[in-house]
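Have a look at the structure below, then the notes.
The values are calculated or read from the model by the stated rules, or taken from the named source; none is laboratory data. Predicted model only: the values in this text are computed from it and were never measured. Here Cβ is always computed from backbone atoms with ideal geometry, including for glycine, and neighbour counts include all displayed protein chains.
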Amino acid sequence: MPKDYSRSSRVVEQIKRELAELIRLEVKDPRVGFITITGVEITADYAHAKVFFSSLKGQEGVEEIQEGLRRASSFLRRELGRRVRIHTTPELHFVYDNSIEEGSRLSALIDKAMADTSAEDDAEAAD
């Protein structure tokens, strides 16, 4: 029976916390400001970690942010190795996460559909 909170889950959460702190406090590249680490996926052998991020700017400037993160990845990996005690420090791959924007867009569409339906119901009731 699998554990509810496995070692890999704990490692993923610690990597997420540490990267967020490192990016916020240590990375001096102005392209990397105003991002949020939304998730981390790690391979079974801990060799690679896919780090998902979102930006307060939205899709605007994502390429610059990814370039800044790519340039800082060796520094982040080294510091991560010092803070997280695992046998292999994963190579970091940064991926833009647009799920927050997509969720907002879908929520707005649902709200609009509900408002349209409500307006139609009111019009029918008035007739």
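A compact table of results
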| read-out | value |
| --- | --- |
| Matching entry among 39, 61 (being within 19 Å of the chain's Cα centre (by Cα) and under 25 Å from residue 12 (Cα atoms)) | 39 |
| Residue pairs meeting the criteria (Cβ under 9 Å; at least 6 apart or on separate chains; first touching a residue at least 24 places away in the same chain (Cβ under 8 Å), in region 93-110; second among the basic types (Lys, Arg) and surrounded by 13 or more Cβ atoms within 10 Å (Cβ to Cβ)) | 93/50; 94/50; 95/50 |
| Where a residue in region 48-65 is over 19 Å from residue 102 (Cα atoms) and its partner, wherever it lies, is surrounded by 14 or more Cβ atoms within 10 Å (Cβ to Cβ) and of a type in the set (Gly, Ala, Ser), with Cβ under 9 Å and at least six apart | 50/39; 65/33; 65/55 |
| Contacts under 7 angstrom Cβ, first residue in region 5-27 being at positive phi, partner not aliphatic (A, V, I, L, M), 6 or more apart | none |
| Unique residue being modelled with pLDDT of 90 or more, in a helix (DSSP H, G or I) and buried (at least 16 other Cβ atoms within 10 Å of the Cβ) when the list is 23, 37, 110 | 23 |
| Residue satisfying condition, being within 14 Å of residue 42 (Cβ to Cβ), of a type in the set (Val, Ile, Thr) and out of contact with any Asp or Glu (no Cβ under 7 Å at 6 or more places or on another chain), within set 62, 95, 84 | 95 |
| Checklist (1) surrounded by 18 or more Cβ atoms within 10 Å (Cβ to Cβ); (2) in a loop (DSSP other than H, G, I, E, B) applied to residue 76, failing item | (2) |
| Residue 60 exposed (fewer than 13 other Cβ atoms within 10 Å of the Cβ) and not in a helix (DSSP H, G or I) | yes |
| Candidate set: region 67-83, residues that are small (Gly, Ala, Ser) and free of Cβ contacts under 8 Å to residues at least 24 places away in the same chain; chosen: the one nearest to residue 29 (Cα to Cα) | 73 |
| Within region 42-52, tally of residues that are at pLDDT below 95 and not aliphatic (A, V, I, L, M) | 3 |
| Lone unmet requirement of (1) modelled with pLDDT of 90 or more; (2) in contact with a Gly (Cβ under 7 Å, 6 or more places away or on another chain) for residue 75 | (2) |
| Single condition residue 1 does not satisfy, out of (1) surrounded by 15 or more Cβ atoms within 10 Å (Cβ to Cβ); (2) at pLDDT below 90 | (1) |
